[in-house]
Every structure is written in structure tokens, then in C-alpha cells.
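S.K.: Attaching a single structure in C-alpha cells format; questions to follow.
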Protein chains: 2
Amino acid sequence: MADHRSVPEPTLRRLPCYIHVLKKVEQLGRQSVSTSDISRELKLDPTQVRKDLSYTGIVGKPRVGYPLKDLIEAIEHFLGWDECTHACLVGVGHLGKALLGYNRFGEYGVRIVAAFDVDEAVVGARISDHIVYHIDALPEIAQRFNIEMGILTTPASAARGASQNMVEAGIKAIWNFAPTALELGADIIVENAQLYATLAVLSRQMRGRVQAQPKPSPLRITPGAEQMGPEP
Amino acid sequence: MADHRSVPEPTLRRLPCYIHVLKKVEQLGRQSVSTSDISRELKLDPTQVRKDLSYTGIVGKPRVGYPLKDLIEAIEHFLGWDECTHACLVGVGHLGKALLGYNRFGEYGVRIVAAFDVDEAVVGARISDHIVYHIDALPEIAQRFNIEMGILTTPASAARGASQNMVEAGIKAIWNFAPTALELGADIIVENAQLYATLAVLSRQMRGRVQAQPKPSPLRITPGAEQMGPEP
DNA sequence: ATCATATCGAGTAATAAATCTCGATTTTTG
DNA sequence: CAAAAATCGAGATTTATTACTCGATATGAT
Ligand SMILES: NC(=O)c1ccc[n+]([C@@H]2O[C@H](COP(=O)([O-])OP(=O)(O)OC[C@H]3O[C@@H](n4cnc5c(N)ncnc54)[C@H](O)[C@@H]3O)[C@@H](O)[C@H]2O)c1
Ligand SMILES: NC(=O)c1ccc[n+]([C@@H]2O[C@H](COP(=O)([O-])OP(=O)(O)OC[C@H]3O[C@@H](n4cnc5c(N)ncnc54)[C@H](O)[C@@H]3O)[C@@H](O)[C@H]2O)c1
């Protein structure tokens with residue numbers, strides 16, 4: 001239905017979860033699926049699932065649900081995951097190697113066609129079938145392979161410099177795994193992987209579960225000042 | 001101020017970003033920081049930053065901002081990151097190895113004290129100074145090392161089984177990197193790392209930039225092609 | 001000492017998202 | 001063939017989150 005700019009971000013974030021559920025259901029041999037099925041699996045409200053799915057333009061049948069294959073395709077198409085985006089990865093360290101070894105990005109519309117680093121120890125190596133080039137080769141290779149997306153997995157200290165390199169090489173979208181906000185032009189799309197966001201939620205819940213009361217913490221600035229104006 | 005369950009999740013997700021900015025500012029030698037500084041760096045509204053920070057109980061000074069050191073400590077304490085949580089990692093594959101090689105989890109209140117797998121090829125190995133045990137040893141070792149958190153990095157197909165193992169070993173919180181919803185008791189805290197959520201947002205923005213119009217998609221229901229009831 | 005300025009913090013308004021309600025539709029059952 | 005059950009989809013309502021406003025206050029300049 002609505003194909004324009006007005007898709008809630010929470011919806012976008014849930015769509016991959018739907019795909020994962022749907023593919024699992026598909027392996028069971030089912031032909032169709034209802035929002036009740038999906039919501040049961042993901043513990044969401046059925047009408048929310050319905051509203052989310054409606055953004056993709058899919059139409060369901062009362063009493064039956066949605067045709068499974070069409071629904072998966074609709075979501076994938078909506079996200080652009082039915083088309084292949086050429087990506088490069090910059091920073092072949094621990095995390096970079098893990099991403100290079102992940103052989104399912106194709107399902108998510110991404111194909112890593114080159115990797116880059118500055119460390120002579122990895123430059124020239126083959127990591128999970130990907131050649132690691134020196135970062136200086138980025139502009140040329142980016143153009144040659146028509147690279148649209150950059151996956152940034154350098155240390156935080158190198159992230160801004162590396163992102164600059166990407167932009168200079170003509171890359172328009174960056175998936176940033178470094179815990180740093182990038183400083184780039186408004187025409188560059190940046191999305192931070194935010195690994196720690198989920199850890200923060202988890203940690204907070206753990207602490208909250210154990211000791212749910214407000215405790216007299218040692219982090220007060222002016223001792224004794226609860227909600228009055230702080231004394232000098 | 002409010003130390004109870006009433007912290008908005010968006011706030012929790014932003015707190016780690018603040019920590020990252022603050023630590024960078026700290027390295028510059030600054031003693032204090034204002035919400036204007038933070039909001040400029042992260043492109044957020046200053047009053048939103050202020051409201052987020054207020055949950056940690058920190059108090060700032062007009063015209064000056066917040067004492068940097070205290071602020072970092074306040075956020076870390078609020079998240080429980082000033083205390084060490086013992087964790088184990090289950091599934092020593094590409095991603096698991098990357099996480100084992102990450103030597104900064106201490107800053108996030110997590111210490112990986114053991115790793116587990118079923119594959120004889122990795123069981124017994126040392127990965128970045130972590131010993132890999134067979135999953136069968138999980139109950140004993142979890143108890144011995146007082147493991148509270150499980151980091152789940154198995155393939156999706158093994159995720160539910162492995163999470164079951166964790167729970168049986170007494171683990172109460174799971175950081176789940178597998179793209180599967182886990183089916184566990186309500187007393188178990190689960191947080192899904194959701195790697196693909198950010199990719200979905202990125203992909204959608206990329207496609208939206210290129211072709212913003214709604215197009216007649218081929219995803220309509222073919223009448224009569226359906227069968228299969230809703231119940232499996 | 002007084003004034004200008006930046007910033008905090010609380011309260012309020014506006015916006016966004018989740019949830020609820022209900023009529024319509026399709027399939028299965030009696 | 002009629003009734004019952006399940007589910008869709010649109011719209012209304014509620015709740016959550018973000019953005020705005022403003023008085024108070026600390027600092028540095030005049
Ligand atoms: N490893 C993890 O599990 C993990 C977890 C959370 C976050 N992260 C984040 O991901 C990023 C990478 O982490 P890591 O553990 O893989 O680090 P790492 O040190 O193992 O790897 C970083 C790689 O980047 C390369 N590099 C440095 N500067 C570069 C430059 N200017 N251009 C190109 N390459 C450059 C280094 O040579 C190295 O190979 C970090 O920002 C880290 O905070 C990693
Ligand atoms: N590698 C990535 O970059 C990446 C990216 C996104 C998501 N993921 C997700 O992370 C998970 C791990 O990915 P990966 O690439 O590391 O996979 P992988 O196949 O490299 O590693 C999985 C590991 O889990 C082990 N394992 C299997 N069953 C087990 C069980 N029952 N108990 C304990 N260990 C078991 C395997 O032996 C293997 O070592 C997957 O669910 C994947 O979807 C990975």
C-alpha cells in the first residue's frame with residue numbers, strides 16, 4: 001500500500017523477524033500463514049503484525065491468512081532484498097572476518113565483493129574466499145565492482161577516517177559497526193549496527209530483576225540533595 | 001531519578017552511545033560536558049539527551065553541563081556495567097570467535113568465562129584465551145563459575161536447543177544472536193541482538209532514495225491456489 | 001556588581017506507535 | 001444451506017516518545 005517515506009522505523013526493524021519466521025514456516029511445507037501464527041511465534045500483537053505487513057502491499061484472505069511465498073517475496077521486495085547490492089568491508093579484524101565468513105548475506109540483498117584493511121598482515125590474504133586489498137585500492141575497486149554499500153568494522157579510532165575513504169570512493173551507504181557517530185554529508189546514508197543497544201536493555205533488565213528498588217547509589221553529586229536545588 | 005521499570009527502551013538503547021561519546025570527550029582532557037555537546041555529536045535533540053540522562057540520577061549545573069567522570073559512572077552504574085557479569089558463549093563459529101576475540105566486554109560489564117560447542121573440531125581449543133568446552137559440560141561449569149548470562153551464537157536451527165541447555169544450567173539471561181525467537185519460561189530474560197534490523201533500515205533507505213514511487217508489484221493472491229488450514 | 005549568555009530541569013504540547021473495536025469475508029461444520 | 005469460527009483491514013483510541021517552552025541558575029564579561 002503505502003510505498004513512500006512514511007514507514008515507521010519500528011516496522012522496518014520487525015520485518016526481518018517476520019522473514020525469519022516465515023522461512024521457518026515455509027520449511028514445514030505450509031502454503032499460507034496468518035498474523036495469529038506470526039504473532040504467537042514472536043509474541044507480538046496480531047493487529048500490529050497486520051499493520052506492518054500492510055506496508056509491503058500484500059493482501060490477505062480472511063480466515064486463511066497470507067500466501068506464504070508471496071508474503072516473503074513482498075517483504076523482501078519492500079526492503080530491496082530481492083536485488084543484489086554490492087558491498088565492501090573495511091576492517092578485517094575479528095568482527096570483519098566473522099562477517100566475511102557469513103555466507104547468507106545474499107538472502108539479505110548484500111554481496112560482499114571486496115575487503116580492505118591497512119594491516120600488512122591481512123592485506124593480500126584470502127578470508128573465506130574474499131581477497132583483502134589495501135585501503136588505498138578502495139576507490140579503484142569500488143568503481144570497478146560498482147560498490148554501493150560499505151560495511152565498516154574498523155576500531156572506533158579509525159572509523160571516521162575509513163568512512164571518509166568510503167565516501168571518496170563513491171560509496172553512498174554505510175553499515176557502521178564501530179561505536180562512533182560518523183561525520184559525513186547529508187547525502188550519505190549511515191546506519192549504526194548498535195550492538196550495545198541490545199546489551200544495554202539486557203543488562204538493565206538483569207539488574208532490575210535482582211534488585212528492583214532504588215538504592216542509595218554512590219553517584220550523587222551533592223550529597224543530600226534529592227530534588228531541591230543543589231547547594232554551592 | 002526514576003529507578004524502577006519505567007525507563008523507555010529508546011532511552012536504554014541510546015545510553016551506550018552517550019558513553020561512547022563521553023569517553024571520547026574524556027580523552028580530550030575535558031572535565032565536564034553539556035547536552036549540547038552530546039547532541040551535536042549524535043545529532044539528537046538536547047532536551048532528549050537531558051531527559052535520558054536524568055534517568056541515571058545525574059545532576060548537571062546550568063551553564064556548565066555535567067561532570068564528565070561522574071556522568072560516565074552514573075550511566076554505567078545505571079546499566080549495571082560497573083559490575084562484572086559472568087557469561088558463557090555457546091556456538092564457537094565465525095561470530096562466536098569474533099565475540100571471544102573482543103577484549104572490551106569488561107567495559108560493558110560482561111566477562112566471558114567459558115565457551116561451548118558441539119563440534120569436535122573446536123572443542124578443546126583455545127580461542128583468544130578462552131577454552132572451548134563441549135556443551136555437555138555447560139551445567140557443571142556454569143555452576144562452578146557462577147555464570148549468569150549466555151551469549152548464543154549457534155546457527156538458527158540449533159538456537160532453541162542450545163537456549164534450553166543454558167536454562168537447564170541455571171542461566172537466567174540470554175543475549176541471542178541467532179535469528180530465531182526463543183521459547184523459554186517467563187523468568188528468563190532474552191534479548192535478541194537483531195543484526196538485521198539495522199540492515200533493513202539501511203536497505204530500505206537505499207531503495208527509497210533511488211525509486212520513491214509505489215510500483216505495481218506482482219504480489220497479488222492467486223485465487224484458488226490456496227489450501228491448508230491455519231492449524232498445523 | 002550587574003548583565004548577557006549558555007544550560008539545566010520541569011512541565012506541556014505535539015507526534016508517533018501500539019492497541020483496541022468492529023464490520024466484512026471466507027472457510028468449515030452441522 | 002445456514003450457522004459458527006477465524007481472520008482480515010480500516011478506523012478510533014490509548015499509550016509512548018519526542019519536541020517545545022520557560023523559569024531558574026551558574027559563569028564570564030563589562
Ligand atoms: N569483535 C567484536 O565482537 C565486536 C563487538 C562489538 C563491537 N565491535 C566493534 O567492531 C569494530 C571492530 O572490532 P574488532 O574486534 O574486529 O577489531 P579488530 O582490532 O580485531 O579489527 C580491526 C581491523 O581494522 C583494521 N583497521 C584499522 N584501521 C583501519 C583503517 N584506517 N582502514 C582499514 N582497516 C583498518 C585493523 O588492521 C584490524 O584488522 C570495533 O569498532 C569494535 O568496537 C566488535
Ligand atoms: N557470522 C556472521 O557474521 C553472522 C551475521 C549475522 C547473523 N549471524 C548469526 O549468528 C549465528 C552464528 O553464525 P556463524 O556465522 O558464527 O555460524 P557458524 O556456523 O560459523 O557457527 C556456528 C557454531 O555453532 C556450533 N553449534 C551448532 N550447534 C550447536 C549446539 N547445539 N550447541 C553448541 N554449539 C553448536 C557449530 O559447531 C558452529 O561452531 C547464526 O545464527 C547466524 O545467523 C552470524
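The values are calculated or read from the model by the stated rules, or taken from the named source; none is laboratory data. In this text the structure is predicted, and so the values were computed from the model without any measurement. Please note: Cβ atoms are built from the backbone with ideal geometry, for glycine as well, and neighbour counts cover all protein chains shown. The area values use the complete protein model at the heavy-atom level, side chains included, leaving out ligands, DNA and RNA. Shrake-Rupley method; radii C 1.70, N 1.55, O 1.52, S 1.80 Å.
S.K.: Restricting to region A:177-188, and then to whatever is within 18 Å of residue B:44 (Cα to Cα) and in contact with a helix residue (DSSP H, G or I) (Cβ under 8 Å, 6 or more places away or on another chain), can you tell me which residue is farthest from the other protein chains (Cβ to nearest Cβ)?
M.R.: Result: A:185.
S.K.: Keeping to region A:9-35, report how many residues are open to solvent by 50 Å² or more (accessible area, probe 1.4 Å) and within 14 Å of DNA strand D (Cβ to nearest atom).
M.R.: Qualifying residue count for the region: 4.
S.K.: Does residue B:129 meet the test of being within 11 Å of ligand 2 (Cβ to nearest atom) and either free of Cβ contacts under 8 Å to residues at least 40 places away in the same chain or open to solvent by 60 Å² or more (accessible area, probe 1.4 Å) (or both)?
M.R.: On the way: within 11 Å of ligand 2 (Cβ to nearest atom): no; either free of Cβ contacts under 8 Å to residues at least 40 places away in the same chain or open to solvent by 60 Å² or more (accessible area, probe 1.4 Å) (or both): yes.
Here the answer is no, as residue B:129 does not meet what is asked.
S.K.: Sticking with this one: Quick one: residue A:121 ticks every box in (1) outside the structural domain of residue A:46 (by TED's automatic domain parsing); (2) in contact (Cβ under 8 Å) with a residue 24 or more places away in the chain; (3) open to solvent by 10 Å² or more (accessible area, probe 1.4 Å) except a single one, so which number is it?
M.R.: (2)
S.K.: A further question follows. Which residue is farthest from ligand 1 (Cβ to nearest atom), if the candidates are limited to region B:36-45 and must be assigned to a helix (DSSP H, G or I) and open to solvent by 20 Å² or more (accessible area, probe 1.4 Å)?
M.R.: B:36
S.K.: Follow-up. Quick one: in region A:135-156, which of the residues that are under 15 Å from residue A:168 (Cβ atoms), within 13 Å of ligand 1 (Cβ to nearest atom) and surrounded by 14 or more Cβ atoms within 10 Å (Cβ to Cβ) is farthest from the chain's Cα centre (by Cα)?
M.R.: Going through the qualifying residues, I end up with A:137.
S.K.: Taking residue A:144 as the residue in question, decide whether it is among the charged types (D, E, K, R) and within 14 Å of chain B (Cβ to nearest Cβ). Step through it out loud before you land on a result.
M.R.: Values: among the charged types (D, E, K, R): yes; within 14 Å of chain B (Cβ to nearest Cβ): no.
So residue A:144 fails the test.
S.K.: State all residues of region A:46-55 that are under 23 Å from the mean Cα position of the chain (by Cα) and open to solvent by 10 Å² or more (accessible area, probe 1.4 Å); if no residue qualifies, say none.
M.R.: We begin by selecting, within region A:46-55, every residue under 23 Å from the mean Cα position of the chain (by Cα); these are A:48-55.
Within region A:46-55, A:48, A:50, A:51, A:54, A:55 qualify.
S.K.: Just one of the numbered conditions (1) polar (S, T, N, Q); (2) assigned to a helix (DSSP H, G or I); (3) facing chain B (nearest Cβ under 9 Å) is not true of residue A:11; which one?
M.R.: Every listed condition holds for residue A:11 apart from (3).
S.K.: Among the listed residues B:138, B:152, which satisfies the condition of being under 22 Å from residue A:179 (Cα atoms) and either within 16 Å of DNA strand D (Cβ to nearest atom) or more than 11 Å from chain A (Cβ to nearest Cβ) (or both)?
M.R.: Numbers: B:138 fails: under 22 Å from residue A:179 (Cα atoms).
Just one listed residue meets the conditions, B:152.
S.K.: If you don't mind, there's one more thing I want to ask. For the subset of region B:155-172 comprising residues that are away from chain A (no Cβ under 11 Å) and without any contact (Cβ under 8 Å) to a residue 40 or more places away in the chain, which member is nearest to DNA strand C (Cβ to nearest atom)?
M.R.: The selected residue is B:163.
S.K.: From the list A:79, A:89, A:100, which one is in contact with a strand residue (DSSP E or B) (Cβ under 7 Å, 6 or more places away or on another chain), facing chain B (nearest Cβ under 9 Å) and open to solvent by less than 40 Å² (accessible area, probe 1.4 Å)?
M.R.: Details: A:79 fails: in contact with a strand residue (DSSP E or B) (Cβ under 7 Å, 6 or more places away or on another chain); A:89 fails: facing chain B (nearest Cβ under 9 Å).
Criteria check complete, one pass: A:100.
S.K.: Any residue in region A:28-48 that's under 17 Å from residue B:186 (Cα atoms) and in contact (Cβ under 8 Å) with a residue 12 or more places away in the chain: show its pairings with residues that are open to solvent by less than 50 Å² (accessible area, probe 1.4 Å) and away from DNA strand D (no atom under 12 Å from the Cβ) at Cβ separation under 7 Å, as long as the two are six or more apart or on different chains.
M.R.: Going by the 7 Å Cβ cut-off, the qualifying pairs are A:41/A:21; A:41/B:181; A:42/A:17; A:42/A:21; A:42/B:181.
S.K.: Scan region A:44-52 and tell me whether some residue there is more than 12 Å from DNA strand C (Cβ to nearest atom) and more than 8 Å from chain B (Cβ to nearest Cβ).
M.R.: The initial filter retains those residues of region A:44-52 that are more than 12 Å from DNA strand C (Cβ to nearest atom), namely none.
Checked region A:44-52: no residue is more than 12 Å from DNA strand C (Cβ to nearest atom) and more than 8 Å from chain B (Cβ to nearest Cβ).
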